[in-house]
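Here is the structure we will look at, set down as C-alpha cells.
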Amino acid sequence: MPIEPKTTLLAIRHGETVWNAEKRYQGHGDSPLTETGRNQVAALGRRMERIPFDTLISSDLGRAQETASIVSGYTGHVVEIDSRLRERNYGVLEGLTVREINTRHSDVLNQLNSDDPDYIIPEGESHRQHYQRNVAFIEELLTKRTGARIAVVAHGGVLDSIFRYVARLPLDQPRCFITINASLTIITHGNFYDTTRWVIETWGDTGHLDEISKTLDSGQLDGIFEN
C-alpha cells in the first residue's frame, strides 16, 4: 500500500496589534499592527523567504491580512483568504480590557474562565463553534491539498484549535502552551510511528525575532490577549 505524501501546515500568528499592546480582547473586532508588530513580521518574512512552501492563506481579519501581505512581500506568494481561520468571536467583550470587562460584563468573564466549551458569549460564539470552524479548514487540506506545504496566517485561538486537534486534547482543558506574535508553528500529516497522523514538528518558534532584539514581557505571554 503506497504511503500517503506528507502534508505540511506552517501556521503563523499575526504580528502585535494595537489592541494586543493595550491588552484588549480582539476576536472578530480588529486593530492594525503596531510598529513592533510590523518589525516582527518583517523578520518572519525574511525567514519564510528561505522556507519552501506552495500556498499562503490568511484569515480574512485585517491584522492577519496585514501580516500576510508583509510576508508575501518577501516570498512572492499571492495571498488567499479563508474566513474559517478567523479568531473566536468574543462578542460583547471585544475592544475591552479585563478591567473594563470586570466592570461591565463580570458574569460573562466568569463564564468564559470556566472553560465550558459550549458557553456562547453574548453576541459571540462558543469555543466549540470556533474549534469546529478551524478544524473544518485543517481537515479539508487532506482532501484538496494533499502533499502540499501550506502557510497560513491566523490567530492565537486558531493555534489553540490546531494544538488540541493534533494532540487530541478536550476543549474544556485550559491551555498548556503560549503563542507569541509572529511565531511559527509547523505540523505535518503523514506516516509517523507506523500510523498515519498529524504531528507537531515545531511549536511557537520565535528564533527569527532574535534579530530585532525583541523583549517579551509578561503581558505578551498572557493567553488572554492572544486573539
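The values are calculated or read from the model by the stated rules, or taken from the named source; none is laboratory data. Since the structure is predicted, the reported quantities are computational estimates derived from the model, not experimental observations. Positions of Cβ are backbone-derived with ideal geometry, glycine not excepted, and every protein chain shown enters the neighbour counts. With ligands, DNA and RNA removed, areas are computed over all heavy atoms of the protein, side chains included. Shrake-Rupley method; radii C 1.70, N 1.55, O 1.52, S 1.80 Å.
Values for this structure:
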item	result
Sites matching GluC sites (Glu not before Pro) across the stretch 69-130 that sit in DSSP coil, with at most 16 neighbouring C-beta atoms within 10 Å	GLU123
Fraction of antiparallel bridges per DSSP, the chain only, in percent to nearest 5	55
Per residue, in Å², the accessible surface of the stretch 37-129 once ligands and nucleic acids are set aside, probe 1.4 Å	47
Relative contact order of the chain, defined on C-alpha pairs under 8 angstrom at six or more residues apart (%)	31
Label assignment, P(r) over Cα pairs in 10 Å bins from 0, in percent derived from the structure, set (i) 8, 29, 30, 18, 10, 4, 1, 0; (ii) 7, 22, 24, 26, 16, 5, 0; (iii) 8, 34, 36, 17, 4, 0, 0	(iii)
Label-point gap, in nm, between ASN191 and GLU140 - each point 7 angstrom along Cα→Cβ	2.9
Surface share of carbon and sulfur [accessible, 1.4 angstrom probe, percent] for the chain	47
Signed unit charges on C-beta, dipole axis of the chain, positive-most listed residue SER58, THR179, VAL98	SER58
Whole-number accessible area per residue in Å² for the stretch 131-205, which is evaluated in the context of all protein chains at 1.4 Å	42
Paramagnetic reach from VAL199 (point 7 Å along Cα→Cβ, amide N under 14 Å) across the stretch 141-184	167
Size of electric dipole in the stretch 40-152: Cβ of Lys, Arg +1 and of Asp, Glu -1, about Cα centre, debye, nearest 20	520
Spin-label proximity, GLN129 to the stretch 91-111 - amide N less than 15 Å from point 7 Å beyond Cα toward beta carbon	91-94
Cα-projected label distance for VAL18 with CYS176, points at 7 Å along beta-carbon direction, nm	3.9
Computed magnitude of the charge dipole of the stretch 80-217 (debye, nearest 20; Cβ of K, R +1, Cβ of D, E -1)	300
